[in-house]
Amino acid sequence: MPQQPSVSQTFIEESIKLLDQSMIKISHCLDQLTDQQIWWRPQQPLNSIGNLMLHLAGNLRQWTVAGIGGRDDDRDRESEFSHREQIEKRELLKRLSDTVDQTKSLLNHLREPQLTETRRIQEFEVTVLGAITHTTSHFVGHTHQIVFITRLILGDRYRFHWSPAKQRGDVPI
């Protein structure tokens, strides 16, 4: 009989799955939008999809690549939100995908005892487990903001990626 995966391994696999599902949703939204629409803001003090993507990459890099992995933290959080110069969606998606890939690689190399180690990230004392939980839920939350803004821009022209009538295995959106 095959050995059951440990709880820690299952947690890491589920965290990676959440990141992958979010990337599918974000890519699906970007496929429907122009570069200009990605930088549209519902109101001036609110974020564009482009700003949210810069923020997701910055947060994920700070909490996982730097915070868990020990790399230098060079994040400029304010610039993620204040950036106004249009970056092409292809470049935004590459930046975010690269950060997600780095995170997934890091998570895949973690071992159970490391999950309870403490790290100082953004002035917070957290366990590695807590950092993973924080950053994946943060990533999913902003992914749904991206979906909402896409639907706000497109209205009835928004194409759903998933519906109950489609085959199982698709990511609901």
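Please get the size of the charge dipole for the chain, origin at its Cα centre, with Cβ charges of +1 on Lys and Arg and -1 on Asp and Glu, quoted in debye to the nearest 20. The partial results should precede the final answer.
Numbers: 21 positive and 22 negative charges, 108 e Å.
Its charge dipole is roughly 520 debye.
After finding the eigenvalues of the alpha carbon gyration tensor for the range 53-136, what semi-axes result from the square roots of 5 times each, listed largest first in whole Å?
Values: eigenvalues 123, 42, 15 Å².
After scaling each eigenvalue by five and taking roots: 25, 14, 9 Å.
So what is the orientation-averaged projected area of the range 1-73, using the convex hull of its C-alpha atoms, in nm²?
7.7
Can you compute the FRET efficiency between Gln3 and Arg77 using 1/(1 + (r/R0)^6), with r the Cβ-Cβ distance and R0 = 30 Å? Round to the nearest 0.05.
Working: r = 42 Å, r/R0 = 1.41.
Calculated transfer efficiency: 0.10.
Mind checking which aspartates and glutamates have their Cα closer than 20 Å to the Cα of Lys89? Skip sequence neighbours fewer than 8 apart in that chain.
The qualifying aspartates and glutamates are Asp20, Asp31, Asp35, Glu80, Asp98, Asp101.
Can you pull a Stokes-Einstein diffusion coefficient for the chain at 4 °C (1.567 mPa s), Rh from Kirkwood over Cα pairs, as a whole number of µm²/s? List each step's numbers first, then the result.
Details: Rh = 17.2 Å.
Approximately 75 µm²/s, per Stokes-Einstein.
May I ask for the net charge around Lys89, where only other residues with Cβ less than 12 Å from the Cβ of Lys89 are counted and Lys, Arg are +1 while Asp, Glu are -1?
Working: positive: Arg90, Lys94, Arg95; negative: Asp31, Asp35, Glu88, Glu91.
Residues close to Lys89 contribute a combined charge of -1.
So, counting K/R as plus one and D/E as minus one, what does the shell of residues with Cβ under 12 Å around Ser27 add up to?
+2
Before rounding to the nearest 500, sum -39500 (n - 2.57) across all DSSP H runs of length at least 4 in the chain and divide by the residue total; then give [θ] at 222 nm in deg cm²/dmol.
Details: 6 runs with 94 residues, N = 173.
The per-residue figure over the chain is -18000 deg cm²/dmol.
Can you pull out the chymotrypsin sites (Phe, Trp or Tyr not before Pro) in the range 1-110 that DSSP calls coil and that have at most 16 other Cβ atoms within 10 Å? Provide the component values of the computation, followed by the final result.
Working: sites: Phe11, Trp39, Trp40, Trp63, Phe81; in loops: Trp39, Trp40.
In loop regions of the range 1-110 (DSSP not H, G, I, E or B), the sparsely surrounded chymotrypsin sites (Phe, Trp or Tyr not before Pro) are Trp40.
Return the whole-Å distance between the Cα centroid of the range 1-79 and the Cα centroid of the range 85-115.
Cα centroid to Cα centroid, the span is 7 Å.
Label the range 79-120 by shape, choosing from rounded, prolate and oblate, from the square roots a ≥ b ≥ c of the eigenvalues of the Cα gyration tensor; if a/c is under 1.5 it is rounded, and otherwise prolate applies when a/b is larger than b/c, oblate when it is not. Could you put the intermediate results ahead of the total?
Values: a/c = 8.01, a/b = 2.11, b/c = 3.80.
It comes out oblate by the Cα gyration axes.
Filter the trypsin sites (Lys or Arg not before Pro) in the range 52-98 to those in DSSP coil with at most 13 other Cβ atoms within 10 Å of their Cβ, and list the result.
On the way: sites: Arg61, Arg71, Arg75, Arg77, Arg84, Lys89, Arg90, Lys94, Arg95; in loops: Arg71, Arg75, Arg84.
Loop-located and lightly packed - Arg84.
Do you know the relative contact order of the chain, to the nearest whole percent, from alpha carbon pairs under 8 angstrom that are 6+ apart?
Working: 172 pairs, mean separation 52.4, N = 173.
It rounds to 30 percent for the chain.
Taking just the alpha-carbon atoms of the range 91-169, what radius of gyration and Dmax come out, in angstrom?
Cα radius of gyration and Dmax of the range 91-169 are 17.1, 49 Å respectively.
Values quoted throughout were computed directly from the atomic coordinates according to the rules given, and no laboratory measurement underlies them. Remember, it's a predicted structure, so these values are computed and weren't measured experimentally. Neighbour counts are summed over all protein chains in view; Cβ atoms, including those assigned to glycine, are modelled from backbone coordinates with ideal geometry.
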